[in-house]
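See structure below.
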Ligand SMILES: [Mg+2]
């Protein structure tokens, strides 16, 4: 069975909503935290905790307006429909926050894609106008703190040995999971990473590109041609290492 895992920020949305939200409400210091995190000087959890702390005193109304202005790639809803028609299970994996992911998906009429991410509780202050950002991290990996929500673990937990894992992403938090995916769709920073690491990938700009490629792979499968829909050897070895505790 084919299973598709999709990054949210910058992949489904047109910009990185998490980064933009923290910089908008927490100020430039959040940009510094993000750089420190990317440089490996802060764990993801420490970075989120600092960013959330910097956002204290945000007005609920301002947050709502900001989130309701966020846009998704216009081809995503059609891709979602395609996956449903083809009965391909698809999931969102994000090292962002559920509060905005849920709101943005709902704003676009999407309520039926499972998503796995960090939790952000919005706590109203006594004046009932200002809010506190209270993050929590239910999906940390016990041995790795590069991400707060471990995409690899979700992906491997939701797939069997003979499933074909498709991963769609663009950025930093996609670097780890693509190592375990059989078919990778990459753009931007992730594309460069895949080139550097010799991970084979399809370049995409929109979800229409991905749909076309998937249609081609599926039609090859029906005609039993040798095609790209097979397990990737390097991904199988990487997965085996995880289960062996390597
Ligand atoms: Mg992203």
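The values are calculated or read from the model by the stated rules, or taken from the named source; none is laboratory data. Quick caveat: nothing in here was measured; it's all calculated off a predicted structure. Every residue, glycine among them, receives a Cβ derived from its backbone with ideal geometry; neighbour counts consider all protein chains shown.
Under 26 Å from residue 117 (Cβ atoms), free of Cβ contacts under 8 Å to residues at least 24 places away in the same chain and either part of a helix (DSSP H, G or I) or touching a strand residue (DSSP E or B) at 6+ places or on another chain (Cβ under 7 Å) (or both) - does that describe any residue in the range 217-234? No, the range 217-234 contains no residue that is under 26 Å from residue 117 (Cβ atoms), free of Cβ contacts under 8 Å to residues at least 24 places away in the same chain and either part of a helix (DSSP H, G or I) or touching a strand residue (DSSP E or B) at 6+ places or on another chain (Cβ under 7 Å) (or both). Scanning the range 211-244 for residues that are over 28 Å from residue 75 (Cα atoms) and at pLDDT below 80 yields a count of 3.
Looking at 19, 9, can you tell me which residue is buried (at least 20 other Cβ atoms within 10 Å of the Cβ), under 17 Å from residue 101 (Cα atoms), within 16 Å of the ligand (Cβ to nearest atom) and modelled with pLDDT of 95 or more?
Working: 19 fails: buried (at least 20 other Cβ atoms within 10 Å of the Cβ).
The unique qualifying residue is 9.
What do you reckon, is residue 42 assigned to a loop (DSSP other than H, G, I, E, B), surrounded by 16 or more Cβ atoms within 10 Å (Cβ to Cβ) and touching a helix residue (DSSP H, G or I) at 6+ places or on another chain (Cβ under 6 Å)?
Yes: the conditions hold for residue 42.
In the range 6-30, the residues that are at positive phi reach residues that are modelled with pLDDT of 95 or more and more than 12 Å from the ligand (Cβ to nearest atom) with C-beta atoms within less than 9 angstrom, at least six apart or across chains, in these pairs: 27/54; 27/55. Looking at this structure, is residue 133 more than 13 Å from the chain's Cα centre (by Cα) and modelled with pLDDT of 95 or more? Yes: the conditions hold for residue 133.
Checking each residue in the range 113-138 for being loosely packed, with under 11 Cβ neighbours inside 10 Å and either touching a residue at least 24 places away in the same chain (Cβ under 8 Å) or in contact with a helix residue (DSSP H, G or I) (Cβ under 8 Å, 6 or more places away or on another chain) (or both) picks out no residue at all. Per the listing 104, 110, the residue uniquely outside any loop (DSSP other than H, G, I, E, B) and either over 22 Å from residue 235 (Cα atoms) or under 15 Å from the mean Cα position of the chain (by Cα) (or both) is 104. What is the number of the single condition among (1) in a helix (DSSP H, G or I); (2) over 25 Å from residue 80 (Cβ atoms); (3) within 15 Å of the ligand (Cβ to nearest atom) that residue 195 does not meet? Checking residue 195 against (1) in a helix (DSSP H, G or I); (2) over 25 Å from residue 80 (Cβ atoms); (3) within 15 Å of the ligand (Cβ to nearest atom), the one that fails is (3).
Kindly indicate whether any position in the range 152-165 is surrounded by fewer than 19 Cβ atoms within 10 Å (Cβ to Cβ) and touching a helix residue (DSSP H, G or I) at 6+ places or on another chain (Cβ under 8 Å).
First pass over the range 152-165, keeping only residues surrounded by fewer than 19 Cβ atoms within 10 Å (Cβ to Cβ): 156-158, 160-163.
From what is left, the residues that are touching a helix residue (DSSP H, G or I) at 6+ places or on another chain (Cβ under 8 Å) are 156.
Within the range 152-165, one or more residues are surrounded by fewer than 19 Cβ atoms within 10 Å (Cβ to Cβ) and touching a helix residue (DSSP H, G or I) at 6+ places or on another chain (Cβ under 8 Å).
Of the residues making up the range 144-191, just one is in a helix (DSSP H, G or I) and more than 29 Å from residue 49 (Cβ to Cβ), namely 191.
Scanning the range 158-192 for residues that are more than 16 Å from the chain's Cα centre (by Cα) and within 16 Å of the ligand (Cβ to nearest atom) gives a single hit, 192.
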